[in-house]
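Notes follow the structure.
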């Protein structure tokens, strides 16, 4: 049948219909989804308090009761959504349940014998809480506990059952080998529940408040050493967990609980809203309190893929969680003091709001600026022009400063922030747009406070994020900053953290704009200081474009071939002829290195116009790059050096090109790590025989290489798991069919001895942990799995090699053996208290060394999951050069390693 036949329809006559606008409107209305009464009620519950929560409560309670029939699941779901997504409203939902707990007017005696509507809703709410518990959704669990705690104060939930609930979470802390993430979440659930409900629980003889506090204290003491690696203010000479202008969340929570327990929770009632207390007390003889069912916090689910390395080590990686330290940028009279009940809960509410509304930063900013309406009157200062409240709580904190401090505290968590940094940065931008007159000054004060902290030991990773945030924020507001405030700091050492911050921040600003635009925003002393901003715009540096260069003609000949899009084989042939010519001249000692340098410079030159040009050049001439790289380490080091030389005025491009070379497997992550430590020169302008040290630029190169190695292993693991599942399913189908041919696959289900060979040895190695016992014909039956297992083993070796090389590199920088060519005497001195107190006299080498110590600490805490998996191998190989050393630097390196790998409690 011809495809054209479908259009050969007979003309049926008649007049074509003319459509009117009303027809479309009617058609659209037919497709509209009308909200059901249940949906409308749920929406009203969620939107409680948009005008005045206190006035809306009776109306909403009446609306709920008037629904016919009353749908308890709908009411419960609305409250559950609101509690877990709008934590600042929780006291008012407790008040709503208190109203629903009362007997309605006109309710007959028969209906009063059944449980109240409030109890029915609470029973259904508990089912949702149990679902959160089964999934270990810790934030939702903790917020539900907030509601239960408020209901305990409102006499709806019994004190005994609430006490048992909190005790169940405290019991998690006594589990053997409990992870820090699980322990912290359980402890915070118990702490915040006690802060809210402790006032009534303390009056009960059955309360176990003291025991819960003691359990949390014992757990907190057991994780003492891990706190040393994540303190915002880096201290190399002390082991104190209490650092000025910072606080750790569990330390602070415990301090609050102890103070409340000592005062019998007298201060708690003034710390947060309790609207339900305005209602009459309940008579327990008429309506018994709700008994929360007993719970058991389920264990963590650990997925075991069973894959092992060639040394028998587990390749499974579980992300390690660390203690949460927060910076204090303002004094306690300006922002809430977290060591008070009100301050602790306010910060918790703000952080929860930031976390929940990550998907909508604009809405998050709006809600944060409206937060005072959900607090006790007088908690925050009134807005300019607003009436002064009749009742003053005595706190009178500044909202905008509190919000900015919380957002930055979340951004600066170590080793990683809770969300991508761009979210926190964009959120602060939205806050400034909503209220520039009040948020702007808070942001400016925060910048100045952080800048001052740079000289007092601000962690190097926080300093890097600070520079990143500063640059992006300035780019959003016309790069307007009062740089002249910092002109006196130009007298400091070139590597002083303040000078380093200026360079990095301006480098980031240039990436977001262009050189001349940023240069014009600086005062003249900074414009003329090349250690603040380069006198050249970022761009390529093609060494062979000068006709005076002896290799100018050779470079031009290669460029002509590349521009003419000659085949890679032709270019390689031409390069070989150039190499022969140079060797015959006898004037060059390192002919191979020279040829590689010329070739890489030419290739990067044709790709320097844009990122797409770079990718096209690399992809078109992959055979050329592979031919230049060969298989030896020296060739790959030459390629990396050529890239760094070509883009030395644009360090971001060095990182990008290195990443692409690793992506296309021209070089390995281990090659990049080795090159980085062989070429470390502190910051860009330092060179020569200075002590080996790392700056943020070198750290970015290391992180890119390590992430690439770790990511490849993760992808290989997933591939093996998928293929293994596919193979197991095939075997299961064969067994289920009684050995019949299923899916045209002939699989010998009888177990036979393995053949000896490289592939079979890999399979034997994986079998004890995977449960994957393949017959000896498996290589032919499932070649994909065989290849995947080989790739996994190879990539795991590469991963361990990159990690081991990184540790060796840090040893060479911070604790070089006496035989090393480049010594670093400052590595032994900057770790002492006396040296730190005299840091005003430090020169560039001392500050470089101090920064390198910071990057070593950050490496250990960031990659601790991998270091723990391979701790025996990496510890033996990485620290071989300082085995038995008793120098202060060697001891500190090993101690840091022990904390990161969990060997030191």
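Derivation of every value follows stated rules applied to the coordinates shown; laboratory data play no part. In this text, all values refer to a predicted model and were calculated from it rather than measured experimentally. Reconstructed Cβ throughout: ideal geometry from the backbone, glycine too, with neighbour counts over all protein chains shown.
Per the Debye formula on identical point scatterers at the alpha carbon atoms of region 452-542, with no solvent, log10 I(q)/I(0) at q = 0.11, 0.16, 0.20, 0.24 Å⁻¹ is -0.29, -0.63, -0.99, -1.38. Sorting 506-512, 126-132, 666-672 by their mean Cβ neighbour count within 10 Å, with the most densely packed peptide first, gives 666-672, 506-512, 126-132. The largest-to-smallest principal axis extents of the Cα set in region 183-287 are 62, 25, 23 Å. The mean sequence distance of close C-alpha pairs (under 8 Å, at least 6 residues apart), as a share of the length of region 159-280, puts its relative contact order at 30 percent. DSSP beta bridges confined to the chain are antiparallel in about 75 percent of cases.
The angle between the Cα long axis of helix 591-606 and the main principal axis of the chain comes to about 50°, on a 0 to 90 degree scale. The alpha carbons of region 328-477 stretch over 46, 32, 26 Å along the principal axes, in descending order. Taking the fewest neighbouring Cβ atoms within 10 Å as the starting point, the ordered list for 859, 279, 479 is 279, 479, 859.
Per residue, the convex hull spanned by the Cα atoms of the chain measures out at 304 cubic angstrom. Remark: spin-label model distance residue 514-residue 137 equals 5.0 nm, labels positioned 7 Å along the Cα→Cβ axis. Binning the alpha carbon pair distances of region 493-576 at 10 angstrom intervals from zero yields the distribution 15, 30, 17, 22, 15, 1, expressed in whole percent. Here the simple spin-label model places points 7 Å from the Cα toward Cβ, and for residue 65 and residue 880 these points are separated by 8.0 nm. Here residue 103 and residue 872 are evaluated by their C-beta separation; at R0 = 56 Å the FRET efficiency comes out at 0.25. On a full-extension model of 0.36 nm per residue, what is the gain between residue 714 and residue 437, subtracting their alpha-carbon distance, rounded to one decimal in nm? Separation in residues times 0.36 nm, less the Cα-Cα distance, equals 94.9 nm.
For the pair residue 383 and residue 549 in one chain, pulling the backbone fully straight at 0.36 nm per residue adds 53.0 nm over the alpha carbon distance. When peptides 717-730, 348-361 are sorted by average Cβ neighbour count within 10 Å, with the highest value leading, the order is 348-361, 717-730.
Between region 502-576 and region 316-386, the alpha-carbon centres lie 45 Å apart.
Only DSSP H runs of four or more residues enter the estimate; each adds -39500 (n - 2.57), and after division by the residues of the chain the mean residue ellipticity at 222 nm equals -18500 deg cm²/dmol. Legend: P(r) of region 552-679 from all alpha carbon pair distances, 10 Å bins from 0, whole percents, reading 13, 48, 34, 6. What angle do you read, to the nearest 10 degrees and between 0 and 90, between the alpha-carbon axis of helix 758-770 and the longest principal axis of the chain? In the chain, helix 758-770 runs at an angle near 20 degrees to the longest axis.
If the segment from residue 279 to residue 633 were pulled out straight at 0.36 nm per residue, it would be longer than the present Cα-Cα gap by 119.7 nm.
Taking 7 Å steps out from each Cα toward its Cβ at residue 498 and residue 34 produces label points 7.0 nm apart.
In percent, rounded to a whole number, the relative contact order of the chain is 10, using alpha-carbon pairs under 8 Å and six or more apart.
Once the Cβ-Cβ distance of residue 536 and residue 175 is raised to the sixth power relative to R0 = 45 Å, the FRET efficiency obtained is 0.15. Using only Cα atoms, find the angle between the long axis of helix 651-663 and the longest principal axis of the chain, and express it within 0 to 90 degrees, rounded to the nearest 10. Between helix and principal axis, roughly 90 degrees.
Mean sequence separation of contacting Cα pairs (under 8 Å, at least six apart), scaled by the length of region 856-905, corresponds to a relative contact order of 52 percent.
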